[in-house]
Amino acid sequence: MSEDKTNPLLCDPVSGMCEMPVGEKSNEKTAIPTENKPVKIIYYTDPICSSCWGIEPQLRKLKLEYGDYFEIDYRMGGLLPDWSYNSGGISKPSDVAHHWNEASLYYEMPIDGNVWIEDPLDSSYPSCTAMKAAQMQSKEKAVKFMRILREKLYLDKKNIAKWKNIAEAAKIAGLDVKKLKTDYDGDAKKLFQEDLNLAKTLGVRGFPTLFLADADNNQLTVYGSKPYAAYENALLALFPDAKKKTIKNETPLDLFEIFPTLAPKEYAVILDKSTSEASSILEKLYQQDLLDKKTIKNGSLYIKN
């Protein structure tokens, strides 16, 4: 067994992890200071992590129901440094295509793996660095920006390692593209390196990984894509006084006021419906011209008009 067996692009849908080759883990417990809210979540992700796309429904629901009690610090994992390794059955970009199509069916989230055949990415470092540059402008806009990057990658098959696609996503997210480029070429690289260093200290072994901590530095970790209850229970274990907010759903379009794009699976998880029920509600709204829709071979994304 070579130590290189783990390939970060070979995400295991069952464990819900895109795992990195294991490095040295520090035995010290790293302090995670809370700031403005009772619980701090450090979320290790990567724009090209298919398992992270798989937990978008759960994260969106958590923010709506318990967003008053936690803040998320988005950290970039650097899933694909380059193609200099050959491991885990994936040695070239086209090997990822089939794997992503499988992940799409497993998570019920729309992904077209053919980007790895048509316009493959040589690294996830550019998109990770762009995220750090976006955070320098606005944390809120950076979250929107990452969502747009992912939609471009998973649905539009756009290579988000290319600056023109990064710039386009930044513009849609309302970021200052010129400033983004300056930061991307400058301080953002340093910030991304800090994320990579902290990941080693925390012992991050794959994505998504969520570290939750309270004011006394009691910590819980949720590894991989898990059902909603795993995230909710971890939060409540650290802050039992958290009260669940009722999600406003007077009309079927209410959610689109908060999230301008939703996959049926997201709509389903957030509103506790089955995916097929969510699909038929959204399809009806689309037929009535109340929503727009983007359809790919492995599903659809509904878009606020």
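The values are calculated or read from the model by the stated rules, or taken from the named source; none is laboratory data. Quick caveat, the model's predicted, so the values are computed rather than measured. Glycine also receives a Cβ, built like all others from the backbone with ideal geometry; neighbour counts cover every protein chain displayed. We work out accessible area using only protein heavy atoms, side chains counted, and drop any ligands, DNA or RNA first. Shrake-Rupley method; radii C 1.70, N 1.55, O 1.52, S 1.80 Å.
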* Check off (1) crowded, with 20+ Cβ neighbours inside 10 Å; (2) assigned to a loop (DSSP other than H, G, I, E, B) for LYS244 and give me the number that stays unchecked. => (1)
* Structure fact -> Only one of ALA230, ALA278, ALA242 is under 19 Å from the mean Cα position of the chain (by Cα) and small (Gly, Ala, Ser), namely ALA230
* Structure fact -> Those residues of segment 296-305 which are open to solvent by less than 40 Å² (accessible area, probe 1.4 Å) and in a loop (DSSP other than H, G, I, E, B) amount to ASN298
* To do: Please determine, by comparing only the residues of segment 109-126 that are outside any helix (DSSP H, G or I) and acidic (Asp, Glu), which one is farthest from LYS157 (Cα to Cα).
  => ASP122
* **Complete set of residues in segment 178-203 that are open to solvent by 30 Å² or more (accessible area, probe 1.4 Å) and part of a loop (DSSP other than H, G, I, E, B)** => GLY186
* Asked: How many residues are surrounded by 16 or more Cβ atoms within 10 Å (Cβ to Cβ), part of a helix (DSSP H, G or I) and either in contact with a His (Cβ under 6 Å, 6 or more places away or on another chain) or not acidic (Asp, Glu) (or both) if we restrict to segment 204-235?
  -> 5
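For every residue, the table says whether it meets (1) touching an Asp or Glu at 6+ places or on another chain (Cβ under 7 Å); (2) of a type in the set (Phe, Trp, Tyr); (3) touching a residue at least 60 places away in the same chain (Cβ under 8 Å).
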| position | (1), (2), (3) |
| --- | --- |
| LEU238 | yes, no, yes |
| SER276 | no, no, no |
| TYR286 | no, yes, no |
| LYS304 | no, no, no |
* What single numbered condition from (1) modelled with pLDDT of 95 or more; (2) open to solvent by 20 Å² or more (accessible area, probe 1.4 Å); (3) hydroxyl-bearing (Ser, Thr, Tyr) fails to hold for THR45? -> (2)
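Which of the residues spanning segment 214-253 are more than 27 Å from TYR107 (Cβ to Cβ) and touching a helix residue (DSSP H, G or I) at 6+ places or on another chain (Cβ under 7 Å)? Steps first, answer last, please.
In the first step, residues of segment 214-253 are kept if they are more than 27 Å from TYR107 (Cβ to Cβ); the result is 214-218, 239-241, 243, 250-251.
Listed by number, the residues that qualify are ASP214, ASN218, PHE239.
Taking the condition of being of a type in the set (Val, Ile, Thr) and more than 17 Å from ILE72 (Cα to Cα), how many residues in segment 199-243 meet it? Reasoning before the result, please.
Within segment 199-243, the first condition is being of a type in the set (Val, Ile, Thr), and the residues that meet it are 201, 204, 209, 221-222.
If we keep only those that are more than 17 Å from ILE72 (Cα to Cα) as well, we get 201.
The qualifying residues number 1.
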* **Residues within segment 111-155 that are without any contact (Cβ under 8 Å) to a residue 40 or more places away in the chain, open to solvent by 10 Å² or more (accessible area, probe 1.4 Å) and closer than 26 Å to LYS293 by Cα, tallied** => 8
* What number goes with the only condition from (1) surrounded by 15 or more Cβ atoms within 10 Å (Cβ to Cβ); (2) free of Cβ contacts under 8 Å to residues at least 24 places away in the same chain that LYS293 does not pass? -> (1)
* Out of LYS293, LYS265, sole residue that is in contact with a Ser or Thr (Cβ under 6 Å, 6 or more places away or on another chain) and part of a helix (DSSP H, G or I) -> LYS265
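Take segment 28-42 and flag every residue that is farther than 15 Å from VAL143 by Cβ and either buried (at least 16 other Cβ atoms within 10 Å of the Cβ) or not β-branched (Val, Ile, Thr) (or both). If you could, list the steps in order and put the result at the bottom.
Here is the first cut: in segment 28-42, the residues farther than 15 Å from VAL143 by Cβ are 28-40.
Listed by number, the residues that qualify are GLU28, LYS29, ALA31, ILE32, PRO33, THR34, GLU35, ASN36, LYS37, PRO38, VAL39, LYS40.
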* Quick one: in segment 38-82, of everything that is part of a helix (DSSP H, G or I) and of a type in the set (D, E, K, R), which residue is nearest to ASN197 (Cα to Cα)? => GLU56
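Being over 10 Å from SER225 (Cα atoms) and surrounded by fewer than 22 Cβ atoms within 10 Å (Cβ to Cβ) is the filter; apply it to segment 1-18 and report the residue that is modelled with the highest pLDDT.
Looking at the filtered set, the residue picked out is LEU10.
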